[in-house]
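Reading through the structure tokens given below for one structure.
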Amino acid sequence: MKAPKYVVKKGGKYWPSNAMKKIANMTDKNIYDKAAKNPVKFWEGVAKEGLTWEKEWDKTYVEKLPYFEWFKGGKLNFCVNCVDRHLEHPKRIAMIWVPEPTGEKPIEITYGELYDKVNKFANVLKENGIKKGDVVSIYLPMVPQALIAMLACTRIGAIHSVVFSAFSADALKARIEDGKAKILITADGYYRRGKPEDLLKKAKKAAHKTTIKKIIVVNRIGKRVHGKKFLDFDTELQIAESYCKPETMNSEDTMFILYTSGTTGKPKGILHDTGGYAIQAYQTCKWNFDLHPGDVMWCTADIGWITGHTYAMYGPLLAGATTLVYEGGPDYPNPGRWWKIIQDHEVNVFYTAPTAIRMFMKEDFKWIKKHNLSSLKILGTVGEPIDQKSWMWYFNKIGGERCPVIDTWWQTETGGTLINVLPGIGPFVPTVSGLSFPGIKHVIVNEKGKEVPKGKPGLLAQKSPFAPGMLHGVHNNHKKYVDTYWKKFKTMYDTSDGAYLQNGLIRITGRTDDVMKVAGHRLSTAEVEDAIHDNRKVGDVAVVPMPNKIKGQVPIAFVVLKHGKGSKKLEKKLKKYVDIKIGPTARPARIFFVEDLPKTRSGKIMRRILKALLIDEEPQGLMTLVNPGSVGKIKEIIKANQ
């Protein structure tokens, strides 16, 4: 049978076809106006329809800036909404796990089996002293135990703090210490490009002399673990009680902390609550990805990032669908691996980053052509703006000109997608994200917060009432929360992203602060600078992003040494410092050794001048520099080393 065509081309734009409108969860284009008339009432309605509440809220929305609360007085349990309420279909598949080694068989976990495992692991946590409000650090690769551990935390009201498994021991330690975590859940290792990677060594180093009392270890690569402090995940699961009563949580209780890069060296712990986050994860999955119970969604993001939280783990389960999780490298053992997974497991929704798309564009089309991708109905992109060439390739080669491309904009701070086109409404325009999700209002403003004329570039800000899934503060740092998100516009949320309106739709232009987007991952320039600064030979350093065809951006470092000259050997050593302190994702693509950095009279490094030099543009603002002569010298060094 021929696969349905879900899009049609009209007037140079792509629109949902009749086939898409028949299955789409939302097709009424008036929903935007309806929601805009009373956003609070809109969210109240979808929350009643979409979630299971133990007690309805007293007040839907309370705002006392810079803080706000949704569904105040309402009570629910997040785990119940993800698992328990779907038990009328206990044999429906909740998760498909695909291991990287091709000799290992994929594992399917039903909602009934997931319920059993989550209850047991929740009791394991309780047996080891974890109670409501305690922080649990999770440092796991993409394995089923990650989802089980996260859900177990939500069942008992513990706050989980997931850390990307490729991050270094130092990065993990900083996050453990900031959250004062009591338990660390990790694995002995995982497979990456056919080789086992040791994770336990980093976990042990990170947990040393911290608040961690126990380390629960998933046995993935067969390493033996000894010591009173260590527990085996599967052994503990086998001996645990089979039922754990879910903790009744207030809607505004913190559900998790997720650390993200800031403009200082120390990562900031973004706080997300329970009820607001739950409804945004549910509703955006249902409408943005047209997710129905039983559909298979594959979001390729790691759980260490917010995309992995919301769309690889929680969102599909809230919607009663199936989430697919893959452990390994995208092109292992060959560039056809992802497409084989889509074919074998009949994936309906595929959500990935432009970085991955650009990587596969370089490969021979035969790797795609040999696989049947007709199960796909929705394609999504996330992490950074997508260029037209990549959008069209994705639409043509992966979607077979049948599937809408949902280009999503959002952040760690927003909890879920906030700007994109709904598949049942359209239009789908290459490089253009679309409209604010119903019930959300974004504006494009100048530095003073005044709206700019349509078509003119400006700063993207969000107006009140703020999205339910938005952050509810920065862990133990009120000042950071205010300074980062509210200082500039006072009554509007500052996204630190640029944008402009194109034919009434929002087009995102990228970051406006000192945060880079490397392969879809947000990294602070300051964090990378701090890592390089640790070397005693380094006197000063500036890190800026440079455009890259594959990763979107890559870090480039400019280093001033205290004495002596730079060398390839020292460059290699400094890159290793970054690997150890943060992880390979943050490793600079190049390090230029310079005599001086362009600075203002107040001592501020003018990074935009360095950015201009990297892309061979004429730098502006040299008059503000105390050392304008440094610019010409840096330009010569860049040219000599290209």
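Values in this text are rule-based calculations from the coordinates and carry no lab data. Here the structure is a predicted model, which is why all the values come from computation and not from measurement. Neighbour counts run over all protein chains shown; Cβ positions are idealised from the backbone, glycine included.
Strictly greater than 22 Å: what percent of every Cα pair in segment 361-449 meets that? Kindly include the intermediate steps, with their values, before the conclusion.
Numbers: 1402 of 3916 pairs.
Looking at segment 361-449, the distances longer than 22 Å represent 36 percent of pairs.
Mind sorting Ile550, Ile96 by how few other Cβ atoms lie within 10 Å of their own Cβ, fewest first?
Numbers: Ile550 14, Ile96 22.
Result, fewest neighbours first: Ile550, Ile96.
Taking every DSSP beta bridge that has both residues in the chain, what percent is antiparallel when rounded to the nearest 5? Before the final figure, lay out the partial values.
Working: 63 of 101 bridges.
Around 60 percent antiparallel, to the nearest 5.
I need the peptides 194-207, 562-575 ranked by packing, meaning the mean over residues of other C-beta atoms within 10 angstrom, with the highest value on top. Please list the in-between numbers first.
Values: 194-207: 18.5, 562-575: 12.8.
Averaged packing, sorted descending, gives the order 194-207, 562-575.
May I ask you to derive the relative contact order of segment 515-640, considering only C-alpha pairs under 8 Å and at least 6 residues apart, and to give it as an integer percent?
Details: 207 pairs, mean separation 27.3, N = 126.
Normalised by residue count, the contact order of segment 515-640 is 22 percent.
Between Phe230 and Lys576, what is the spin-label point distance in nm, taking each point 7 Å from the Cα along the Cα→C-beta axis?
It is 2.6 nm.
Apply 1/(1 + (r/R0)^6) to the Cβ-Cβ distance of Lys562 and Lys213, taking R0 = 45 Å, and write down the FRET efficiency to the nearest 0.05. Intermediate values should be presented prior to the final figure.
Values: r = 42 Å, r/R0 = 0.93.
Efficiency, rounded to the nearest 0.05: 0.60.
Just from its helices, what would the mean residue ellipticity at 222 nm be for the chain, if runs of 4 or more DSSP H residues each count -39500 (n - 2.57) and the sum is divided by every residue, rounded to the nearest 500 deg cm²/dmol? Before the final figure, lay out each step's value.
Numbers: 20 runs with 182 residues, N = 642.
Value at 222 nm, helices only, nearest 500: -8000 deg cm²/dmol.
Please express the Cα-Cα pair-distance distribution P(r) of segment 202-322 as a list of whole percents, one per 10 Å bin, running from 0 to the bin with the greatest distance.
Once binned at 10 Å, the Cα pair distances of segment 202-322 give 10, 26, 36, 24, 4.
If you take the Cα atoms of segment 515-640, find Rg, then find the Kirkwood Rh from the mean of 1/r over all pairs, what is Rg/Rh? Intermediate values should be presented prior to the final figure.
Values: Rg = 13.8 Å, Rh = 14.7 Å.
That ratio is 0.94, to two decimals.
Sequence neighbours fewer than 8 away in the same chain don't count; with that in mind, list the lysines whose C-alpha is under 19 Å from Lys75.
Lys41, Lys48, Lys55, Lys59, Lys131, Lys132, Lys245
Put a dot 7 Å past each Cα toward the Cβ at Lys5 and Gln238; how far apart are the dots in nm?
The two pseudo-label positions are separated by 5.6 nm.
From the backbone phi of segment 187-198, what are the Karplus-calculated ³J(HN,Hα) couplings (6.51 cos²θ - 1.76 cosθ + 1.60, θ = phi - 60°) in whole Hz, Gly and Pro given as x?
Coupling constants for segment 187-198: 10, 5, x, 7, 9, 9, 6, x, 10, x, 9, 7 Hz.
Among Ile341, Tyr314, Pro293, flag the residue with its Cα farthest along the positive direction of the charge dipole of segment 7-436, charges on Cβ as +1 for Lys/Arg and -1 for Asp/Glu.
The listed residue farthest towards the positive side: Ile341.
Take the alpha carbon atoms of segment 291-355, find their radius of gyration, then divide it by 2.2 N^0.38 Å using N residues; give the quotient.
Expressed relative to 2.2 N^0.38 Å, the Cα Rg reads 1.08.
Order these by the 10 Å Cβ neighbour count, fewest first: Ile93, Ile580, Ile532. Could you put the intermediate results ahead of the total?
Numbers: Ile93 19, Ile580 15, Ile532 23.
Placing the least packed residue first, the sequence is Ile580, Ile93, Ile532.
Modelling each spin label as a point 7 Å along the Cα-to-Cβ direction, I'd like the Glu177/Lys389 distance in nm, to one decimal.
4.5 nm
Please compute the Kirkwood hydrodynamic radius over segment 175-229, one decimal place, Å, based on all pairs of different Cα atoms. Present the calculation step by step, with values, prior to reporting the outcome.
Details: mean 1/r = 0.0845 Å⁻¹.
Hydrodynamic radius (Kirkwood, Cα pairs) of segment 175-229 is 11.8 Å.
Where does each of 413-421, 73-81, 541-549 land if you order them by average Cβ count within 10 Å, highest first? Let's see the in-between values first.
On the way: 413-421: 27.1, 73-81: 22.8, 541-549: 20.1.
With the highest mean Cβ count within 10 Å placed first, the list reads 413-421, 73-81, 541-549.
For the pairs Lys72/Lys490; Lys34/Lys463; Lys126/Lys173, note any where the Cα-Cα span goes beyond 19 Å. Each step should come with its number before you reach the end.
Numbers: Lys72/Lys490 23 Å; Lys34/Lys463 17 Å; Lys126/Lys173 23 Å.
From the list (Lys72/Lys490; Lys34/Lys463; Lys126/Lys173), the Cα-Cα distance tops 19 Å for Lys72/Lys490; Lys126/Lys173.
Once the piece of chain linking Asn476 and Val452 is laid out straight, how much longer is it, given 0.36 nm per residue of separation minus the C-alpha distance between them? Present the calculation step by step, with values, prior to reporting the outcome.
Values: separation 24, 0.36 × 24 = 8.64 nm, distance 3.54 nm.
Stretched fully, the Asn476-Val452 segment lengthens by 5.1 nm.
Could you give the length gained on full extension between Lys64 and Asp28, defined as 0.36 nm per residue of separation minus the Cα-Cα distance, in nm?
On the way: separation 36, 0.36 × 36 = 12.96 nm, distance 3.32 nm.
Full extension from Lys64 to Asp28 adds 9.6 nm.
Over all directions, the average projected area of the alpha-carbon convex hull for segment 306-441 comes to how many nm²?
On the way: hull surface 33.1 nm².
Mean projected area of the Cα convex hull: 8.3 nm².
Rounded to the nearest Å, what's the spacing between the alpha carbon centres of segment 478-502 and segment 104-137? Just the number, please.
Measuring centre to centre over Cα atoms gives 37 Å.
Could you list, in their original order, any pairs among Lys209/Lys572; Lys268/Lys581; Lys9/Lys389 whose Cα atoms are separated by more than 22 Å?
Details: Lys209/Lys572 30 Å; Lys268/Lys581 16 Å; Lys9/Lys389 17 Å.
From Lys209/Lys572; Lys268/Lys581; Lys9/Lys389, over 22 Å: Lys209/Lys572.
For the chain, take N as its residue count and report Rg(C-alpha) divided by 2.2 N^0.38 Å.
Taking the Cα Rg and dividing by 2.2 N^0.38 Å, one obtains 0.94.
Using alpha-carbon positions, what is the distance between the centroids of segment 389-454 and segment 531-577, in Å?
34 Å
Please report, in whole Å³, the volume per residue of the convex hull around the C-alpha atoms of segment 67-115.
101 Å³
Determine the relative contact order of segment 7-436: mean sequence separation of Cα pairs under 8 Å and six or more apart, normalised by residue count, in whole percent.
Numbers: 907 pairs, mean separation 75.5, N = 430.
Relative CO of segment 7-436 lands at 18 percent.
With 10 angstrom as the radius, rank Leu613, Leu625 by how many other C-beta atoms surround their C-beta, starting from the fewest.
Fewest-to-most ranking of Leu613, Leu625: Leu625, Leu613.
Hey, got the dipole for segment 515-640? About the Cα centre, +1 on K and R Cβ, -1 on D and E Cβ, debye to the nearest 20?
Details: 26 positive and 13 negative charges, 79 e Å.
Around 380 debye, computed over segment 515-640.
What FRET efficiency do you get for Asn372 and Gln502 if R0 is 35 Å and r is their Cβ-Cβ distance, rounded to the nearest 0.05?
Working: r = 35 Å, r/R0 = 1.01.
Taking R0 as 35 Å, the efficiency between Asn372 and Gln502 is 0.50.
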